[in-house]
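S.K.: Structure provided below as structure tokens; questions to follow.
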Amino acid sequence: MKKLLVALLMVLPLSVSAQKFGHFNSGEIIQAMPEYITAQKEFETKAKSCEEELGRMQEELKTKADDYEKNAASLPDDIKKRREQDLNELSQRIQKYYTDSQQELNQLQAQKLQGIQEKLLKAVEEVGQSGQFVYIMDTTAGVPYISKTLSTDVTSQVKAKLGIK
């Protein structure tokens with residue numbers, strides 16, 4: 001019994017030290033992915049288009065409001081009310097367009113990032129399996145401390161799996 005206990009105590013430290021731990025920087029990897037660069041360009045193009053349309057709508061509102069202010073004194077009451085209603089409706093359309101475009105941009109960004117993150121996680125999993133790692137942690141996820149001497153940085157291996165230099 002003593003021999004078994006001594007043998008276990010001798011083997012236990014070996015089994016603990018044989019475990020491999022890794023870490024990677026997802027921010028560095030994602031920013032280097034061609035899919036991310038393409039998604040960013042698509043997002044920026046869409047955001048610029050929305051911004052231009054919003055600017056056009058605001059300019060239309062300003063022009064109509066200025067025209068109304070200039071001519072309000074000489075307009076009959078029924079025409080005044082109709083123009084005021086038109087200005088209110090245009091203002092509401094601008095607010096709705098702004099809200100809708102923000103939601104659309106958020107959805108586009110989330111959709112693109114989801115695919116990118118899935119691809120990244122698959123590559124990390126492949127690196128983990130091929131390197132026989134017990135854990136691989138993302139350093140950008142707010143891990144308070146990772147020992148650089150006891151953990152292997154697998155960022156370059158994940159990049160290689162993704163075909164990134």
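Values in this text are rule-based calculations from the coordinates and carry no lab data. Quick caveat, the model's predicted, so the values are computed rather than measured. Using ideal geometry, Cβ is built from the backbone for each residue, glycine included, and neighbour counts are taken over all protein chains shown.
S.K.: Based only on other Cβ atoms within 10 Å, what is the fewest-to-most ordering of Arg83, Arg93, Arg56?
M.R.: Ascending Cβ contact count within 10 Å gives the list Arg56, Arg93, Arg83.
S.K.: Using a/c under 1.5 as the rounded threshold, could you call region 64-115 rounded, prolate or oblate? The axes a ≥ b ≥ c are square roots of the C-alpha gyration tensor eigenvalues, and prolate needs a/b larger than b/c, oblate otherwise.
M.R.: Since a/c reaches 1.5 and a/b is larger than b/c, the shape of region 64-115 is classed as prolate.
S.K.: Give me the distance in nm between label points sitting 7 Å out from Cα along the Cα-to-Cβ direction at Lys41 and Ile146, one decimal.
M.R.: 3.0
S.K.: Say the cut-off is 28 Å between C-alpha atoms; which of Lys96/Lys122; Lys46/Lys81; Lys112/Lys161; Lys46/Lys161; Lys96/Lys119; Lys48/Lys165 go over it?
M.R.: Lys96/Lys122; Lys46/Lys81; Lys46/Lys161; Lys96/Lys119; Lys48/Lys165, as the Cα separations exceed 28 Å there.
S.K.: OK, next. Report the convex hull volume per residue for the chain, counting only C-alpha atoms, in Å³.
M.R.: 172
S.K.: Find the centroid of the Cα atoms in region 114-160 and in region 41-72, then give the distance between the two in whole Å.
M.R.: Going from one Cα centre to the other spans 46 Å.
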